[in-house]
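All of the numbers you see were taken from the coordinates with simple rules; none came from a lab. Treat the numbers as computed from the prediction; the structure is a model and nothing was measured. Glycine gets a Cβ as well: all are built from the backbone with ideal geometry, and neighbour counts include every protein chain shown.
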Ligand SMILES: C[S@@+](CC[C@H](N)C(=O)[O-])C[C@H]1O[C@@H](n2cnc3c(N)ncnc32)[C@H](O)[C@@H]1O
């Protein structure tokens, strides 16, 4: 196993689990998960930090997560969620959002929180989202992406080269409204802001949350 894959398999899931627990993420998670219902496909389930934000109207969470360690770390959160709500089912059904082994039109919502930045083949993943959503379903997301401010965007492009291998394939420069539009979605951005204080954090902290509905 190479250095990068060892880092991604054995270290990064723990760092993600700690850093993404921050209460700063809560309104973003509430938006992405709180209006979902029925069967939800979650891209990049990681250690299950979204579980507590799903309402009772969600009865099944189908998780896509490549990192076995993240899935192992999720176990106690899944147990806790299921003891509070025994009818809730949570299952890991795949390793890559670009190839999902589910029939067409089989989920009511797809949730992605800070995952679309890391999926290598995002074009195929968005095609899968379109294929899998039932009529009336939507992709609900909270992501960080390309800043509209030229100086920050310049820093994002500069940092990209070292950031992507360190951060599990994460991209700083994805323009999600444009990418979702090009993939055939109507996009509604509910909120966008620099979600962390300070100029230094800006390349990472430009966040947007919204919904995308297949046209
Ligand atoms: C920054 S973490 C976000 C984790 C989680 N969604 C959250 O909100 O805390 C990105 C996650 O995407 C996962 N990931 C990476 N490549 C992926 C892919 N091709 N398909 C689905 N998930 C992927 C990583 O393993 C990691 O768990």
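Brief remarks follow.
- Using a cutoff of 8 angstrom between alpha carbon atoms and counting only pairs six or more residues apart, the relative contact order for the chain works out to 19 percent.
- Each part gets one Cα centre, and for segment 142-215 versus segment 82-97 those centres are 28 Å apart.
- Annotation: the residues 187, 110, 90, 166, sorted from fewest to most other C-beta atoms within 10 Å of their own C-beta, follow the order 166, 187, 90, 110.
- Taking 0.36 nm per residue of separation and subtracting the current Cα-Cα distance, fully stretching the chain between residue 87 and residue 162 would add 22.6 nm.
- Prolate is the label for segment 133-215. Its Cα gyration tensor axes, ordered a ≥ b ≥ c, give a/c of at least 1.5 and a/b above b/c.
- Estimated FRET transfer efficiency (residue 106, residue 21; beta-carbon r; R0 41 Å; 0.05): 0.85
- Remark: 29, 92, 157 ranked as 157, 92, 29, counting other beta-carbon atoms within 10 Å and listing the fewest first.
- The DSSP beta bridges internal to segment 3-214 are antiparallel in roughly 40% of cases.
- Added length on full extension, which subtracts the Cα-Cα distance from 0.36 nm per residue, residue 121 to residue 154: 9.5 nm
- Its Cα gyration tensor gives segment 73-130 an equivalent ellipsoid. The semi-axes, each the square root of 5 times an eigenvalue, are 25, 14, 10 Å from largest down.
- Exposure proxy order (Cβ contacts within 10 Å, fewest to most) of 37, 144: 37, 144
- Here the spin labels are modelled as points 7 Å beyond Cα on the Cα-Cβ line, and at residue 60 and residue 213 they lie 2.4 nm apart.
- At R0 = 22 Å, FRET efficiency that the Cβ-Cβ distance of residue 134 and residue 189 yields, to 0.05: 0.45
- The chain: equivalent-ellipsoid semi-axes (sqrt of 5 x gyration tensor eigenvalues, Cα, Å): 25, 21, 17
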